[in-house]
Each structure stands twice: as structure tokens, then as C-alpha cells.
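Just below is one structure, and these are the notes that go with it.
The values are calculated or read from the model by the stated rules, or taken from the named source; none is laboratory data. In this text, all values refer to a predicted model and were calculated from it rather than measured experimentally. As a convention, Cβ positions derive from the backbone with ideal geometry for all residues, glycine included, and neighbour counts pool all protein chains shown.
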Amino acid sequence: MTGTTRSSEGLDIRRRKLLFRSWHRGMREMDLILGSFADARIADLTHAELDQYERLLDISDTVLLPWATGEQPIPEGNGSEILNKIAAFRQAMTFQS
């Protein structure tokens with residue numbers, strides 16, 4: 001996969017921006033993890049989950065990558081619920097490949 005497979009058509013402005021930001025992180029590994037998650041789930045996230053996701057996108061890739069891949073435990077606190085969803089999504093996608 002080299003980029004988004006989801007059209008932003010039908011998404012509100014906030015979700016469109018988050019979808020774009022998910023695919024344009026700077027570190028290709030995070031583009032693939034967050035971009036794939038956003039393609040699959042951005043339309044279904046609640047407002048509270050969108051808030052968490054937005055805050056998560058402000059974390060640097062070097063900090064976020066080990067959490068998303070399971071190399072480091074996900075810290076408890078604000079945003080851990082959405083990060084757990086991302087990690088579970090990534091794990092499921094790994095087993096499908």
C-alpha cells in the first residue's frame with residue numbers, strides 16, 4: 001500500500017483533515033499504520049475518539065511508533081483508548097497479510 005485507499009468524499013472537514021494528516025506523518029511506517037487505520041475507521045470514530053486521535057497525531061513519530069507496534073507498552077492516560085484501537089487494528093492487519 002502506498003497511500004490512502006479511501007476517498008475523503010462524504011467526510012466532514014475535521015475527518016478529512018485527520019485522514020490527510022494520518023497519511024502525511026513524515027515517517028513512512030507511521031503513514032502506513034495511521035493511514036490504514038484512518039482509511040478503515042475515520043468515518044466511524046465518535047467525537048471523543050476524534051479528540052483523542054487528533055491529540056495522538058501531535059505526538060512525534062519516534063515516540064508513537066514503538067507504542068503502535070507493541071515494542072513498548074502503551075502508557076495509560078489521555079489517548080490510550082484510541083491508541084489501543086490502532087494497535088489492535090495493526091495487529092489484525094498483520095495477521096491478514
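Annotations
- Qualifying helices (runs of 4 or more DSSP H) (wholly inside the chain; at least 2 residues being modelled with pLDDT of 95 or more and surrounded by 12 or more Cβ atoms within 10 Å (Cβ to Cβ)): 13-23, 28-41, 47-56
- The residues of segment 44-78 that are closer than 21 Å to residue 26 by Cα and among the small types (Gly, Ala, Ser), listed by number, are 60, 68, 70.
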